[in-house]
Amino acid sequence: MKVLIINGSPRTGGNTSRLLKEATGIFEREGVGYEIYQIGGKAVRGCMACGCCSEHEGCAIKDDVNVLAQKLDECDGLLVAAPVYYGSANGSVISLLDRLFYSSRCDKRMKVGAAFAVARRAGTTATFDELNKYFTINQMPIASGRYWNNGFGREKGQTSADEEGLQNARIVARNMVFLMKSIALGREKYGLPETEQTVMTSFIK
Ligand SMILES: Cc1cc2nc3c(=O)[nH]c(=O)nc-3n(C[C@H](O)[C@H](O)[C@H](O)COP(=O)(O)O)c2cc1C
């Protein structure tokens, strides 16, 4: 059982990392593996809408997105954490997620998703909603917490004082583990739900 963690922050040891530390502590206690991919200072281009991925597997831009697609295929859960920039998830994480979800062909159904948003003061709920949209268009159930998953702080480390945010991160991680284990059992017993051929309605007549 494994969780892929994407940390959108460019700052190593920043507040997003601090919130994630609470979640990874739970994964360690529960014996669940995890791998953290932090965007850091990497230049992540946005989707070019070239359409190459509809003809060939993977993204035409040769960077970590194709590597992450393989890891996404292998994981049971995906935890995405991002700092809030101007009321949204930071640009690099959105560029990465757009390309990862659009170009990867792996079956994402029933992989458990969770999103964390970290800000100095505002924009966490919009960011939380924004990140959850990648899961809800892919038949991925979401592990939720006791509040909308956020952490507050500006300077590195300040989120350590946000006890409620840290507690919520631990709760989300426990719920994620429970869902992943339950889905693994359900999958064994019942298999994945039947799927259907994609229908795309055109509203232009
Ligand atoms: C370009 C930029 C835009 C930001 N916009 C917001 C914002 O809209 N709302 C907010 O509360 N904090 C904002 N912040 C503050 C960060 O969200 C905050 O410092 C957060 O802790 C950064 O997380 P990190 O340490 O993991 O990078 C912004 C910071 C930067 C650099």
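Suppose we filter region 71-103 for residues that are under 15 Å from the mean Cα position of the chain (by Cα) and over 18 Å from Ala169 (Cβ atoms); how many remain?
Of region 71-103, the ones under 15 Å from the mean Cα position of the chain (by Cα) are 71-84, 88-102.
From the residues that got through so far, the ones that are over 18 Å from Ala169 (Cβ atoms) too are 71-76, 88, 90-92, 94-102.
The qualifying residues number 19.
Go through region 153-205 residue by residue and tally those that are in contact with an Asp or Glu (Cβ under 9 Å, 6 or more places away or on another chain), part of a loop (DSSP other than H, G, I, E, B) and within 18 Å of Ala81 (Cβ to Cβ).
1
Quick one: what pairs do we get from region 11-32, first residue among the acidic types (Asp, Glu), second part of a helix (DSSP H, G or I), C-beta under 6 Å, 6+ apart or different chains?
Close Cβ pairs (under 6 Å, with a partner that is part of a helix (DSSP H, G or I)) amount to Glu22/Leu166; Glu22/Ala169; Glu22/Arg170; Glu30/Val177.
Report yes if some residue within region 104-116 is under 15 Å from the mean Cα position of the chain (by Cα), closer than 29 Å to Ala60 by Cβ and acidic (Asp, Glu); otherwise report no.
No - not one qualifying residue is present in region 104-116.
Please go through (1) within 15 Å of the ligand (Cβ to nearest atom); (2) out of contact with any strand residue (DSSP E or B) (no Cβ under 7 Å at 6 or more places or on another chain) for Asn149 and return the number of the only condition it doesn't satisfy.
For Asn149, the failing item is (2).
Could you tell me whether region 100-122 includes any residue that is within 16 Å of the ligand (Cβ to nearest atom), in contact with a helix residue (DSSP H, G or I) (Cβ under 9 Å, 6 or more places away or on another chain) and of a type outside the set (A, V, I, L, M)?
Yes, region 100-122 has at least one match.
All but one of (1) under 18 Å from Pro10 (Cβ atoms); (2) within 11 Å of the ligand (Cβ to nearest atom); (3) among the aliphatic types (A, V, I, L, M) hold for Ala126; state the number of the condition that does not hold.
In the conditions (1) under 18 Å from Pro10 (Cβ atoms); (2) within 11 Å of the ligand (Cβ to nearest atom); (3) among the aliphatic types (A, V, I, L, M), Ala126 misses (1) alone.
Yes or no, residue by residue, for (1) within 16 Å of the ligand (Cβ to nearest atom); (2) among the β-branched types (Val, Ile, Thr); (3) closer than 16 Å to Tyr85 by Cβ:
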residue	(1), (2), (3)
Ile5	yes, yes, no
Gly14	yes, no, yes
Lys21	yes, no, no
Gly25	no, no, no
Glu30	no, no, no
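(1) buried (at least 20 other Cβ atoms within 10 Å of the Cβ); (2) within 24 Å of Pro83 (Cα to Cα); (3) more than 16 Å from the ligand (Cβ to nearest atom): which one isn't true of Gly46, the others all being true?
Of the numbered conditions (1) buried (at least 20 other Cβ atoms within 10 Å of the Cβ); (2) within 24 Å of Pro83 (Cα to Cα); (3) more than 16 Å from the ligand (Cβ to nearest atom), the odd one out for Gly46 is (1).
We did not get these values from a lab; they are worked out from the coordinates using the rules stated. If you're wondering where the values come from, they're calculated on a predicted model, not measured in any experiment. Note that we place each Cβ from the backbone using ideal geometry, even for glycine, and neighbour counts take in every protein chain shown.
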